[in-house]
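Presented below is the structure to which this report refers.
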Amino acid sequence: MAPTPSKRARVEEREAEGRRVDDRHIEDRCAADGRPANRRAEDRRHRRRTPSEERDSSPEIFDIEPGYTEDDTSPSSPGATSVEVDKQSQELANILYSLAEANPKKKPTEKSMLAAYHRVGRRLQHELGPNVCTMGLLRWGPTLEGLLEGAEVGDDETRAVVADWSKRMQDMTLESYHVLIKRVPRMRLFLDNFDGCLDGIESLTSYLDACGKAAQGDEVGSLRDKLGDLVPALRDHGLHGRGQKALRGFLSTISGRLLCPQAQLGKFDAEPDKFCEQVRYGEIEVHAGHLPSFLYDQKLVQAGRMEPGLLRSALLVKAYKCVYTGPNSVMSEEPVRKTAGKPSRAHQMKMTNVTARSIAHVATMMRFVLNSQPEWDRRDGNFDGQEFFELIVQMFSKKKWSSETLAWQVFGAASSRGKNNKAKNDSAAAIDALMAKLGDNDDE
């Protein structure tokens with residue numbers, strides 16, 4: 001199928017940028033070698049041809065094992081020869097072109113390079129969060145690395161923005177950036193090849209994000225279809241089906257109680273209908289730092305303490321099993337045995353234990369399934385889903401609580417826009433308070 005005019009224009013624009021980068025590399029190498037201008041022109045004649053120029057003759061480069069050993073020779077490496085640079089630049093350009101043409105909802109041929117990016121894209125959200133934007137991480141990450149090393153990286157505006165972030169946000173973003181660099185094949189080479197020009201690798205980041213969104217839809221569908229088993233009370237009241245989502249959230253006292261901040265559960269139980277109404281009209285604000293009651297085993301909760309029972313609810317365990325070991329494992333108390341058919345997500349991802357980020361991922365997905373939003377959105381009133389994901393991940397930085405929780409975890413509405421700044425400050429304060437409480441019992 002021929003590419004659309006708009007897609008072809010984007011590809012050609014990236015190819016033009018690639019040629020400009022090649023020319024800069026050639027200028028630098030020739031200047032370093034003391035070669036005259038006529039030799040520089042010769043180097044330009046031998047630069048790579050773009051995929052558009054070689055569309056009829058370029059070989060298929062993706063039918064290789066995805067577990068390849070990446071060539072560490074960067075296009076900007078002093079040890080790279082002109083031939084190596086040109087060859088590598090051509091391969092990267094071919095990958096970008098194929099990603100721009102690929103359908104992220106269609107699984108590529110197995111054991112192909114494109115299949116490797118497809119798998120990575122579908123799995124990144126499990127480590128980075130369902131709301132992550134890979135382009136954003138690539139924009140902020142290098143600047144945060146520079147900030148940590150005392151170097152000025154990025155433009156003045158970017159440095160000013162990250163400098164204004166909290167230490168917690170800086171650390172979390174930098175950690176996620178390193179995960180992204182580690183997981184995506186040849187990501188460092190892409191960045192080096194385009195001299196950090198992110199527009200040049202837009203087809204890569206767009207493909208990864210689109211694959212993640214498709215996987216997100218599959219997982220939300222699994223949780224939604226099993227909601228009656230996960231929360232029997234919703235099924236008893238006819239609120240578990242696909243068509244009843246708009247009636248959940250704080251429109252129902254059943255889902256409203258699960259979404260209610262644990263610290264305010266007593267107030268909710270005193271007047272459930274009034275509490276839900278106050279949330280819907282913005283009189284009670286719910287932020288990411290207000291941990292919902294569905295995360296807790298209510299039998300373990302202790303008044304005035306936030307950690308007992310946290311992340312130990314039966315609902316969270318069942319939701320985790322639904323996502324990672326399959327919907328059929330939700331009601332089973334026994335370890336899941338391998339059966340014929342499609343392998344579980346845990347098997348596909350070669351997971352052998354529960355991780356902080358996988359718990360945070362499932363909690364964020366489950367929170368969406370319980371609310372009344374018809375479509376996925378990072379924000380639900382004042383509640384920020386990505387902030388919620390990151391908070392749960394950061395909780396596991398407290399070693400004592402983390403080791404105890406992971407040892408226990410085994411496989412088996414309305415908001416006034418005028419309040420945005422206040423909401424942001426309130427949310428940050430709530431998260432700081434939570435982290436401080438967890439720190440009281442830290443063994444460091």
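All of the numbers you see were taken from the coordinates with simple rules; none came from a lab. Owing to the predicted nature of the structure, the values given are computational and were not obtained by experimental measurement. Cβ sites come from the backbone with ideal geometry, for glycine too, and all protein chains shown count toward neighbours.
Data overview
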{"item": "Simple label model, 7 Å out from Cα along Cβ direction - ALA214 to THR109, nm", "result": "1.7 nm"}
{"item": "Estimated FRET transfer efficiency when R0 is 45 angstrom, pair SER82-MET331 (beta carbons, to 0.05)", "result": "0.10"}
{"item": "Cα gyration tensor of region 278-378 - equivalent ellipsoid semi-axes, whole Å, descending", "result": "29, 18, 12"}
{"item": "Protection proxy ranking, peptides 260-267, 231-238, 136-143, 123-130, average beta carbon neighbours within 10 Å, highest first", "result": "123-130, 136-143, 260-267, 231-238"}
{"item": "Separation of the LEU148 and TRP165 label points, Cα + 7 Å toward Cβ, nm", "result": "1.1 nm"}
{"item": "FRET efficiency, ARG183 to LEU406 (Cβ-Cβ, R0 25 Å, nearest 0.05)", "result": "0.75"}
{"item": "Nitroxide proxy distance, nm - points 7 Å out along Cα→Cβ at TRP376 and ARG235", "result": "2.6 nm"}
